[in-house]
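For reference, the structure is listed below as structure tokens.
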Protein chains: 2
Amino acid sequence: MHSNSTHLQLLVNMTLTSWAAQNKYLNNLLATFSDEQFAKEVAPGKNTGTYLVGHLIAVSDAMLPLLGFGNKHYPELENIFIKNPDKSGLEKPGMSELKEQLKAVNAALDKHFNSLNVEEWFEPHTAVSTEDFAKEPHRNKLNVVISRTNHMANHIGQLLLLK
Amino acid sequence: MHSNSTHLQLLVNMTLTSWAAQNKYLNNLLATFSDEQFAKEVAPGKNTGTYLVGHLIAVSDAMLPLLGFGNKHYPELENIFIKNPDKSGLEKPGMSELKEQLKAVNAALDKHFNSLNVEEWFEPHTAVSTEDFAKEPHRNKLNVVISRTNHMANHIGQLLLLK
């Protein structure tokens, strides 16, 4: 028999491992596809690989303030890759720059992820009010990781079509 | 301050809610896309929507024995949608039949999901040996749900391209 505390730590770890697995999957795609492949649309008229990679970096970068870990590293990505669509005409960083940015954002997230204890993962993220959190305790930091993991999996499915 | 037991129950619920959200997402797609849309490839030369839906049902159906909930409802789906590719030439159920099958598989999973208590989610799934589970306690039933949630999100990202 295991105690609740052992299972709680295990499940937090399982959740973080699931996030890490999607990031590893994304990094593997970045290591194997050429820049020309990323420049293509994943399906006719849909987003390019480059846009989706930039989008995923922008969303991961926004986790830093959302989780109370500090400021975004690349705030300019939000306008290019979240607020605007692929064909906005806005200038985008190239794949080599995006790869560096992904590395930096993930290193920052990893550092903070490793510094949190189990209880801290159940604290509210920074976009929920104290009143709402009292009623909706699932709006905690760990749930941000769960939701962003699914978001990343969704777009990785699309990036795989560049194969 | 919350107890470990409260947080454990909360995190189990968060994990199951995340699975349910992806299923809801899939059901919304099934309700809004036409059968003709599903018959199309998500990108040129890639899987059709119909194949991906069948694949997701087959994988969900296989969760029943994997989680110790009983036999698969539609064992014939494995050959068509997991062991063989889209262009296998094997006859596939039509979308109306697939929709019924998805409904039945999800109803069975939901019934069993709701019957498990927190501790039971941390029991081994049926494909891990006692020896391996002793060393790798993350190979539990809840981790199957986490991994299948990400798998579904991956393919939903592809199905979205049929829009």
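Each value in this text was obtained by applying a stated rule to the coordinates, not by laboratory testing. Just so it is clear, the structure is predicted and the values come from calculations on it, not from any experiment. Note: ideal-geometry Cβ built from the backbone for every residue, glycine included; neighbour counts use all protein chains shown.
Before moving on, here are some points about what is shown:
- Orientation-averaged projected area, Cα convex hull of the stretch B:1-137 (nm²): 10.8
- Near A:Leu90: Cβ cut-off under 13 Å, other residues only, Lys/Arg at +1 and Asp/Glu at -1. The net charge is -1.
- Label 7 Å beyond Cα on the Cβ vector: B:Ala127 copy-to-copy distances, nm: 3.4
- Counting from the shortest, the label point at A:His138, 7 Å from Cα toward Cβ, is 2.3 nm from the same position in each remaining copy.
- Test item: A:11-21 mean partner chain Cβ contacts at 10 Å: 5
- Of the DSSP H helices in chain B, those whose Cα atoms cover at least 20 Å axially and whose Kyte score averages 0.5 or more: B:49-66
- Peptides B:53-64, A:5-16 ranked from most to least packed by the mean count of surrounding Cβ atoms within 10 Å: B:53-64, A:5-16.
- Over 18 Å apart at the Cα level, from the set B:Lys46/B:Lys99; A:Lys24/B:Lys135; A:Lys111/A:Lys141; B:Lys40/B:Lys103, are B:Lys46/B:Lys99; A:Lys24/B:Lys135; B:Lys40/B:Lys103.
- Counting 0.36 nm for each residue step from B:Ser88 to B:Ala127 and taking away their Cα separation leaves a gain of 11.3 nm.
- Summing charges over neighbours of B:Gly157, with a neighbour being any other residue whose Cβ is under 13 Å away from its Cβ, gives +3 when K and R count +1 and D and E count -1.
- From the alpha carbon centroid of the stretch A:142-163 to that of the stretch A:18-41 is 11 Å.
- Normalised by the number of residues in the stretch B:34-163, the average gap of Cα pairs under 8 Å and 6 or more apart makes the relative contact order 30 percent.
- Exercise: per-residue mean of other protein chain Cβ atoms within 10 Å, A:136-148: 3
- Anisotropy class of the protein assembly as shown from Cα gyration tensor, a/c 1.5 cut: oblate
- Charge tally in the Cβ shell below 11 Å around B:His73, where Lys, Arg are +1 and Asp, Glu are -1, B:His73 excluded: -1
- By the Stokes-Einstein formula, at 0.890 mPa s and 25 °C, the stretch B:69-129 with its Kirkwood radius over alpha-carbon pairs has D equal to 176 µm²/s.
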